[in-house]
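Visitor: Let me give you the structure first, and then I'll get to my questions.
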Ligand SMILES: *Cc1c(COP(=O)(O)O)cnc(C)c1O
């Protein structure tokens, strides 16, 4: 077919456009029914299940609209005002707005703090900080993974360095006291004195108590180390002021944006500007030089083009995080978590540290005679999502004794205290069933054998009854997000 012309513009041939049009203009549902169908199934799973994974949340409709926007299309390597691409006028406007909101959400003075909103997620954000501040094989201390820290804070076994943080830097973990479950700051202090870290990380993925940032600042200062908070899990709680802010004590604060903060998946790094210290002898000010180090580490050090659609979603989430409604939501998250903790204690469960200050609890199943992997599997089959986790004093990371439960996601669906008392009952039913199945087999049975046992007809039936009960309950609550997918 011949090209048609319109003025001096040559249009593609009608045939080319007709075929192309289908590909680029058609809705997902008809363009790719296979993917559309998978997303629909996942949406249904989210609607009918009890989402108790502490790191998850349901992003709002507005956040997902920004995330699914044309901002996805634009390359903009560099920073606002200094890009390697043209056409970045609105990208610059967006990134600056996101930065401004990030500082506002945490009540930071732009003279004293700056923020990089380009990290693709929490892991690249942390790695950018390390490469900015610590030389190759320099020393880093973070909470050990089995004690509630994160992989990116450095993790290795006796045989192998697992986390890239441990491969490219020297990491020495600090621990919780195995008896109390609280971080052992005395031991951290003593070990820091020997190890002389360049960077100490205050941050957790599975720890239900507030951190003692003031104490950690002192330990960092006595070793001339930087103190970084990784507030990935609690950034929404911090924005709402329901847990202590790390900003008062830290040089750097990294975070994800999709956990309690309830944005899309992304990361941010806050860094101090201005005076770092005053030399007591000369009276001279020592200035922070973090801004250029951090920015260069993110780009061009580790990343390429920013994910501008994600930055748009984060900007929307940050705006929401400054509202009274968000503060009320976070207060409810913490209240719900205390209710869940108390209800489980009343049902005879051990909660590590005896309770919670934040959005999560760790249930120690050792006294019940089961472990995290078995209970997690049974709960999963009943549409209750949570994760297995090591408990303080666990001998093997391969057989974690606990389950981690968090309240941010269900609180976003409007769950209140009474609803979480019901949730505790459903968890209890699942764990009772776990114990019955275990009684029905050899105490030495492997996890694989346990999972096979669950396939037996009588257990399949029991699991189905509980699953239907859970889904009938969860299905009555609204689900934030886009109207269809
Ligand atoms: C979740 C988490 C991260 C990593 O975030 P990703 O977005 O999964 O890369 C880093 N640090 C802490 C403390 C976390 O909980």
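The values are calculated or read from the model by the stated rules, or taken from the named source; none is laboratory data. It should be emphasised that the depicted structure is a prediction, and the values quoted were computed from it without experimental measurement. Because the Cβ atoms are built from the backbone with ideal geometry, glycine has one as well, and the counts that use them run over all protein chains shown.
Visitor: For the range 192-218, which residues satisfy the criterion of being more than 16 Å from the ligand (Cβ to nearest atom), surrounded by 16 or more Cβ atoms within 10 Å (Cβ to Cβ) and within 17 Å of residue 245 (Cβ to Cβ)?
Guide: Here is the first cut: in the range 192-218, the residues more than 16 Å from the ligand (Cβ to nearest atom) are 192-198, 212, 214-215, 217-218.
Then drop every residue that is not surrounded by 16 or more Cβ atoms within 10 Å (Cβ to Cβ), which leaves 192, 195, 197-198, 212, 215, 217.
Passing the criteria: 212, 215, 217.
Visitor: Would it be correct to say that residue 183 is surrounded by fewer than 16 Cβ atoms within 10 Å (Cβ to Cβ) and within 15 Å of the ligand (Cβ to nearest atom)?
Guide: The answer is no for residue 183.
Visitor: Which pairs do you get when a residue that is part of a loop (DSSP other than H, G, I, E, B), found in the range 205-216, comes within reach of a residue that is at pLDDT below 95, reach meaning Cβ atoms under 7 angstrom, with the pair 6+ apart or on two chains?
Guide: Partner pairs satisfying both residue conditions: none exist.
Visitor: Further question: Taking the condition of being part of a strand (DSSP E or B) and either without any contact (Cβ under 8 Å) to a residue 24 or more places away in the chain or closer than 25 Å to residue 353 by Cβ (or both), how many residues in the range 122-149 meet it?
Guide: As a first pass, look at the range 122-149 and keep what is part of a strand (DSSP E or B): 139-143.
After this cut, where a residue has to be either without any contact (Cβ under 8 Å) to a residue 24 or more places away in the chain or closer than 25 Å to residue 353 by Cβ (or both) as well, the list is 141-143.
The total comes to 3.
Visitor: Looking at the range 47-83, which of the residues that are exposed (fewer than 13 other Cβ atoms within 10 Å of the Cβ) and in contact with a helix residue (DSSP H, G or I) (Cβ under 9 Å, 6 or more places away or on another chain) is farthest from residue 340 (Cα to Cα)?
Guide: By that ranking, first place goes to 81.
Visitor: Looking at the range 219-262, which of the residues that are part of a helix (DSSP H, G or I) and out of contact with any helix residue (DSSP H, G or I) (no Cβ under 6 Å at 6 or more places or on another chain) is farthest from the ligand (Cβ to nearest atom)?
Guide: 222
Visitor: Scan the range 152-160 and give yes if some residue there is modelled with pLDDT of 95 or more, within 11 Å of the ligand (Cβ to nearest atom) and out of contact with any strand residue (DSSP E or B) (no Cβ under 6 Å at 6 or more places or on another chain), otherwise no.
Guide: Yes, the range 152-160 has at least one match.
Visitor: Right, next: For residues that are in a loop (DSSP other than H, G, I, E, B) and without any contact (Cβ under 8 Å) to a residue 12 or more places away in the chain, scanning just the range 150-161, find the one that is surrounded by the most Cβ atoms within 10 Å (Cβ to Cβ).
Guide: Only one residue fits best here, namely 160.
Visitor: Within the range 264-370, which helices (runs of 4 or more DSSP H) (wholly inside it) include 2 or more residues that are under 30 Å from residue 74 (Cα atoms) and in contact (Cβ under 8 Å) with a residue 24 or more places away in the chain?
Guide: 290-296, 308-321
Visitor: Counting just the residues of the range 263-293 that are away from the ligand (no atom under 16 Å from the Cβ) and at pLDDT 95 or above, which one comes out surrounded by the most Cβ atoms within 10 Å (Cβ to Cβ)?
Guide: 271
Visitor: Let me ask you something else. Confirm whether residue 119 is at pLDDT 95 or above, under 30 Å from residue 171 (Cα atoms), touching a strand residue (DSSP E or B) at 6+ places or on another chain (Cβ under 8 Å) and not in a loop (DSSP other than H, G, I, E, B).
Guide: Judged against the criteria, residue 119 is not a match.
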